[in-house]
Amino acid sequence: MNQYGYIDAGFRVFGLHKLIAGECSCGDKECKAAGKHPIASNWQHTPEWSDEQLETMEELDHFKTGFGVLVDGYLIIDVDARNGGVESFSQLCKDTGLDLLGESGFAVETGSGGGSMHIYFKHSGKPLMQHHEKYKGIDFKSSGYIVGAGSLHKSGLEYEELHGDPSDVDEAPQALLDILKKPDSYRAHTQLGAIDVTALQAVEILSHISPDCDYDTWIRCGMALHHTFNGDGIAIWDDWSRKGASYPDFEKIQRHWHSFGKCQTPVQFGTLIHYAEQNGYSQPITFECQEFATGSTPIVDIKRPPGLVGEICDWINASSRYKLESLSVAAAITAIGNIAGLKYIDARDGMTANLLTFCVAGSSTGKEHIQQCFSSCLRAAGLIDAMHGAIKSEQEIIRNITRHQAAFYSIDELGIVLRKIIHSRNASYLEGVIGIIMSAYSKADAFLPVGGDVKEALKVELKNEAAACEKKISENEDKTGAVKKRLEQVMHALDNISNGIEKPFLSMIGYTTPVTFNAIMDYENATNGFLARATIFEEPETNPKPNKPKASKSIPDKLAAKLQQLYSAGEYDILASKRIEFYGNQTPIETTSEAGARLDEILLDFWEMAEDAKDTGLESIPRRGYELCAKISFILAIPEGLRTLEHVEWAYALIKDDITRKIRLAASNINTEESPVDSIVVKIQGILEASDEGETQGVIINRCRPHKKEAVLKVLLALEEKGMVQKKTEKHKYRKIDIVKYKAL
């Protein structure tokens, strides 16, 4: 089969860029459509060629390795096996009650193999849906183009006929057309809830956004339209883009549009509304809306974070032998903050995405699995080289953030490490560790001052690397331009070295047991910047029930792809150097007006909490609350590109719980000697409030150590008499004997 078989059947064809040794002749070394995109920019206006024109095109090698076929008056079912298309096609056949492959007179197996194919039908009626949310991995093409049979795929295989030829194409079955009929409106999700959006409403909203906006905004507008209209809104995006001075050509519009369909973290329609509001859009369009937010305070489950962070949590929990849901949240949030942190910035408050997170759980409960999952996330994104498993000294921390801009610490038995650092009077190499951690942590958007010796060592290292880059360039070894870009980064670092280390990105996640960690949460440590800035994730159950894993311990391919995309979407370049860094302009994450107003309220809430804590001297703990809330909500928003009310409310619930527990733990330790009764009361309250099912007398006594049993029982009785706790007798879950449990009222 070649282009003439299509021409004889009435199809219009055009030449594609050649494949040469697996690379595209277009000149783009990173071409995402090698051998599959048109030579002519006006391919959509392809005429019926004369014999002389075809002969000239052949002489120019336009059809050397392949040709495109204009989809005009046809419907092509494009099945992509790599994205679940084969399974979706089977379901489509069941839903239509037809063998669609058999119904088609002409079908082609694509060069990617594995069941990928093009199934041809005639259709000259109304436009159809290009994507259907029920059939993942299938494009229903009634416009655009496809690659013709006989063309070469970059895999080395050809597009081959499964049956028939272009002259055998039959009319599309009505059952298929009924499924693909475009709806009058599309369901989208915004701050208002689920709304129904029409094309005209989208055009009206876009009219308030300049098509000459910055590149990121332009791309996000396209992604929002693609996601909202299930891949059918390209004409809306193109018409709007054409009004701008920086309009590319339609081919580039199409290439972007096609890539949006493969995006693992789609942009929601609410982002489009947000951009419009920033540019004067104030009169809301009347949407048909069946679900909407009531404005009431939402009930937030802090073990179920929204978005991509929640997806990571689901995988960790499903693959765990013992579910540690709080620790799963810690690992997921910290991982996303690390993966995206170099590239993105909070446009509202300038917050960075690095975190200090402490995971507290009993011995032998499965903390190791959480650590492994955290490492898997960084490995999937290509950041594992910047992860460290120990803190040896102040000097080693500085060395780590000079090797890479990022330093991600994941430390087992953190409580023991902290105890050594806190009591390091006889270990000079540990002195200053907390100080350098806090200094580097807080300088993620600035410069970290360093000593003269460190500066000189850095200069030598950078000059050596610059010389190596210049040599590669002079010897024509920079085929991709990556070495030149690396040289620019090195020279930038040299120019700024007198200021110190630029934008060091230090984060830490640590794992410890309650006994070890609780003991160091005294007044001094609780109020210093280190523990006050950390977020504590604690598992109250010291004997979690075994869980049969329902997922592989290996990170799922789809989730790994999302993490890779989140990292590679930036301008990172690790081709010329393995150094993990980014010094360009960070992408700002905007905040909706509703979310911004709520953050203003939350700032006052934490101020009031600090006022209430003044009597105990612990006001510095809630004073850090807003910073933590802003950071967490910012991290949640990064994959979606816009901070919404949902992100803010979830972060607020998490941090408010964290602040309360830190104050309670510190107050308990402070009162242990001065007011032991108060200390026991605080500990019992914390134990019971963390348990939905209550705890037995024995568990309460053990967790109130070092207080004596008699003192704990006396306080427990007093709390019961005052109606602050309730004693209930119930059957043991497994042994079927009567047990006594205490619950908080």
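Using a cut-off of 15 Å between beta-carbons, work out the net charge of the residues near residue 97 (Lys and Arg +1, Asp and Glu -1, residue 97 not included).
-3
Karplus-derived 3J(HN,Hα) values for the stretch 352-368, using 6.51 cos²θ - 1.76 cosθ + 1.60 with θ = phi - 60°, are 9, 9, 7, 10, 10, 10, 10, 9, 10, 8, x, 5, 6, 10, x, 4, 4 Hz; glycine and proline are entered as x. Counting only residues at least eight positions apart within a chain, or on another chain, the aspartates and glutamates with an alpha carbon under 12 Å from that of residue 136 are 78, 80, 87. Against the chain, whose longest principal axis comes from its Cα atoms, helix 593-612 is set at around 10 degrees.
Counting neighbouring Cβ atoms within 10 Å and putting the fewest first, the residues 411, 659 line up as 411, 659. For the stretch 3-180, a crude dipole built from +1 on the beta carbon of Lys and Arg and -1 on the beta carbon of Asp and Glu, taken about the Cα centre, is about 740 debye to the nearest 20. Of interest is the spacing of the C-alpha centroids, which for the stretch 84-159 and the stretch 8-43 amounts to 20 Å. Full extension of the chain between residue 468 and residue 8 gives 159.8 nm of extra length, using 0.36 nm per residue less the Cα-Cα distance. Note on residue 597 and residue 178: the model spin-label points, each 7 Å out from Cα along the C-beta direction, lie 4.7 nm apart. Does anyone have the angle between helix 625-637 and the longest principal axis of the chain? Alpha-carbon axes, 0 to 90°, nearest 10? It works out to around 20 degrees.
Think of the chain as a dipole: +1 on every Lys or Arg Cβ, -1 on every Asp or Glu Cβ, centred on the Cα centre; then among 639, 408, 513, 513 lies furthest on the positive end.
The dipole here belongs to the stretch 594-745: it is taken about the Cα centre, uses +1 on the Cβ of Lys and Arg and -1 on the Cβ of Asp and Glu, and is about 1100 debye.
Only one residue of 469, 500, 434 has its Cα farthest out toward the positive end of the dipole of the stretch 371-505, where Lys and Arg carry +1 and Asp and Glu -1 on Cβ, and that residue is 434. Restricting attention to the chain, close to 65% of DSSP beta bridges with both partner residues there are antiparallel. Between the Cα long axis of helix 250-260 and the first principal axis of the chain there is an angle of about 40°, rounded to the nearest 10.
Between residue 739 and residue 393, the simple label model (points 7 Å from Cα in the Cβ direction) yields a spacing of 5.0 nm.
Counting every other Cβ atom within 10 Å of each residue's Cβ, 90, 328 order from fewest to most as 90, 328.
Taking amide H as placed 1.01 Å from N in the peptide plane, residue 387 has its amide H under 5 Å from the amide H of 408, each at least 5 places away in sequence or on another chain. Here the relative contact order of the chain, from alpha carbon pairs under 8 Å that lie six or more residues apart, stands at 11 percent.
Placing unit charges on the Cβ atoms only, positive for Lys and Arg and negative for Asp and Glu, gives the chain a dipole magnitude near 3440 debye about its Cα centre. Put a dot 7 Å past the Cα of residue 246, heading toward its Cβ, do the same for residue 726, and the two dots end up 6.2 nm apart.
Each residue in 197, 677 was given a count of other beta-carbon atoms within 10 angstrom of its own, and listing them fewest first yields 677, 197. The trypsin sites (Lys or Arg not before Pro) of the stretch 1-77 that DSSP puts in a loop, and whose beta carbon has at most 14 other beta carbons within 10 Å, are 29, 32.
Under the rule that an exposed site lies in a DSSP loop and has at most 15 other Cβ atoms within 10 Å, name the longest stretch of the chain with no GluC sites (Glu not before Pro) of that kind, not counting the sites themselves.
So the longest stretch without any such site is 134-290.
If packing is taken as the mean number of other Cβ atoms within 10 Å per residue, what is the order of 552-560, 398-406, highest first?
Going by the mean number of other Cβ atoms within 10 Å, highest first, we get 398-406, 552-560.
Between the residues 650, 162, 606, the greatest Cα displacement towards the positive end of the dipole of the chain, with unit charges on the Cβ of Lys, Arg, Asp and Glu, is found for 606. Okay, which of the stretch 41-65 sit inside 17 Å, backbone N to the point 7 Å along the Cα-Cβ direction of residue 20? Of the residues in the stretch 41-65, 59-65 have backbone N under 17 Å from the label point off residue 20.
Each residue of the stretch 503-514 is assigned a 3J(HN,Hα), and the resulting list reads 6, x, 10, 10, 9, 8, 10, x, 10, 7, 9, x Hz, derived from the Karplus form 6.51 cos²θ - 1.76 cosθ + 1.60 (θ = phi - 60°), x at Gly and Pro. Step through the table entries 252/479; 463/484; 343/443; 548/728; 252/485, compare each Cα-Cα distance with 19 Å, and write down the pairs that go over it. 252/479; 548/728; 252/485, as the Cα separations exceed 19 Å there.
Of 683/736; 154/243; 545/709, which sit over 31 Å apart, Cα to Cα? Violating the 31 Å Cα-Cα cut-off are 154/243.
Less than 5 angstrom separates the built amide H of residue 508 from those of 355, 356, 357, 409, all sequence-distant by 5 or more or on a different chain.
Values quoted throughout were computed directly from the atomic coordinates according to the rules given, and no laboratory measurement underlies them. It should be emphasised that the depicted structure is a prediction, and the values quoted were computed from it without experimental measurement. A quick note on method: Cβ atoms are made from the backbone with ideal geometry, for glycine too, and the neighbour counts reach across all protein chains shown.
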